[in-house]
1. Can you compute the modelled spin-label distance between residue 101 and residue 124, with each label point 7 Å from Cα toward Cβ, in nm?
2. Per residue and in Å³, how big is the convex hull formed by the alpha-carbon atoms of region 27-132?
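All of the numbers you see were taken from the coordinates with simple rules; none came from a lab. No experiment lies behind these values; they were computed from the predicted model shown. With ideal geometry, Cβ positions are generated from the backbone for all residues, glycine too; neighbour counts draw on all protein chains shown.
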Amino acid sequence: MTRSSIPRFLVVAMCVLLVASCGGETKSGVEFGEGELPGDWPQAFPIPENAVIGSTLVNHDSGRQEVEFRVSAPIETLAQYFDLNLANAGYAIDSSNGNDTTWSIEFRDDDDSGSIVIQSFGNISSAVVRILGEG
């Protein structure tokens, strides 16, 4: 090789390595968002019609996803909504209990397990849904 062809060879080799390393779409790390569901959110998961999507979190390494839903409904009404609609969507409910300020629901299906923590803030209830996928 001549002296001028070595840098060109190195540039070509680096480009080939760079393209090869960018071939997959595998994501890693934690991704935060707001206002829309994560791309891998389970399609069958029940969401109240009047829910406003708040903050979201996706941990690509562990398969964990979290979404906050704000709903204009009393805590008991929202808990009943999730109890009924999770079961109708094929989820098993392992536990559902709480009081007039905080309610917790544990659920699972063949692919995922998760929890919902509902808190009351006056006329608004906040439901933080955590889904632990197969990851």
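1. 1.9
2. Hull volume over Cα atoms, normalised by residue count, gives 91 Å³.
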